Each structure stands twice: as C-alpha cells, then as structure tokens.
Amino acid sequence: CMNYMFPASYAWGNFSVLAVGIWAIVQRDSLDAIMMFLTGLLLTVLTDIIHVSLFYPPNNYLTDTKRFSIGMAIFSLLLKPVSCYLVYRMYRERGGE
C-alpha cells in the first residue's frame, strides 16, 4: 500500500478484513464474527492473487520501493492460508461445525 502500485481496492479489502478480524477477536462468543473473518480472509486470498498478477510492473519500471511493496504483498498472500487455518481452529473451538 505504500507505493500506490495497487488500486485502492487492495488496501480497502485488506484493511476491512483486518477490522472484522479485530471484531472477531474481541467478541469471543460470536460465531458470526469469526465466520465473517474466515470468509473475508478466503476472499482476500483470491483478490490478492488477482491484484498481484494484474498490477505487477515490468522489470524496467521496478524500483526498490516497488520491489519491496510487491514482496510484502506476496509475503502477506503466503501467510493468509496459515491465518485461515488458525481462524478455522478458533471457529471450531467456539462451537462451529
């Protein structure tokens, strides 16, 4: 988000899922909150793949800042399946089926 390489939808999607995640952690008795968080994480995996594949710059336009931004976006994308698994475990602990 720091290089404005991705459109605003990338930041809005990830930050809104982060806000839902904070809500899900604070409300420990709500299954709906944790389910919305898990659904949002799965959706952002798909949208992150689309954003990175569509907006990846050509090699001659890569600056260090753009390279760092893309690297962090890819790193975030690689960590999201782990986050999905941990959120699913939280869902099961709260009584989800």
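The values are calculated or read from the model by the stated rules, or taken from the named source; none is laboratory data. Nothing here was measured: the structure is a model prediction, and the numbers come from that model. Neighbour counts run over all protein chains shown; Cβ positions are idealised from the backbone, glycine included. In case anyone asks, the SASA skips ligands and DNA or RNA and just uses the protein heavy atoms, side chains included. Shrake-Rupley method; radii C 1.70, N 1.55, O 1.52, S 1.80 Å.
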For region 57-62, just list the computed ³J(HN,Hα) in residue order, Karplus coefficients 6.51, -1.76 and 1.60, θ = phi - 60°, integers in Hz, with x standing in for Gly and Pro.
x, x, 4, 6, 10, 7
Which angle between 0 and 90 degrees, to the nearest 10, do you get for helix 64-93 versus the longest principal axis of the chain when only C-alpha atoms count?
10 degrees
Could you state the number of Å between the C-alpha centres of region 15-50 and region 65-86?
16 Å
Between the modelled labels at R94 and L43 (7 Å from Cα along Cα→Cβ) the distance in nm is 1.6 nm
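Please report, as a whole percent, how much of the solvent-accessible surface of the chain comes from carbon and sulfur atoms (probe radius 1.4 Å).
Values: 4520 of 6660 Å².
Taking all protein chains in place, the chain shows 68 percent carbon and sulfur surface.
For the chain, give the magnitude of the charge dipole about the Cα centre (Cβ charges: +1 Lys/Arg, -1 Asp/Glu; no others), in debye to the nearest 20. Intermediate results must be reported in sequence, preceding the final value.
Details: 7 positive and 6 negative charges, 34 e Å.
So the dipole magnitude of the chain works out to roughly 160 debye.
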When only Cα pairs under 8 Å and 6 or more residues apart are kept, what is the percent relative contact order across the chain?
38 percent
Helix 8-26 axis, angle to the chain major axis (alpha carbon atoms, nearest 10°):
20 degrees
Just the accessible area for I74, please: 1.4 Å probe, Å², rounded to the nearest 10?
70 Å²
Can you give the FRET efficiency for N60 and A19, using 1/(1 + (r/R0)^6), R0 = 41 Å, r = Cβ-Cβ distance, to the nearest 0.05?
0.65
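Which order do L79, L46 take when ranked by solvent-accessible area (1.4 Å probe, heavy atoms of all protein chains), largest first?
Details: L79 80, L46 100 Å².
Descending order: L46, L79.
Tell me what the chain gives for mean residue ellipticity at 222 nm when only DSSP H runs of n ≥ 4 count, each as -39,500 (n - 2.57), the sum divided by the residue total, rounded to 500 deg cm²/dmol. Spell out each step's value before the answer.
Values: 3 runs with 74 residues, N = 97.
The helix contribution divided over the chain gives -27000 deg cm²/dmol.
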Helix 31-55: angle to the longest alpha-carbon principal axis of the chain, degrees 0 to 90, nearest 10?
10 degrees
Using the Cα atoms of the chain, I'd like the radius of gyration and the largest Cα-Cα distance, Dmax, both in angstrom.
15.4, 52
Under a point spin-label approximation (7 Å from Cα along Cα-to-Cβ), what is the Y4-V82 distance to one decimal in nm?
3.3 nm
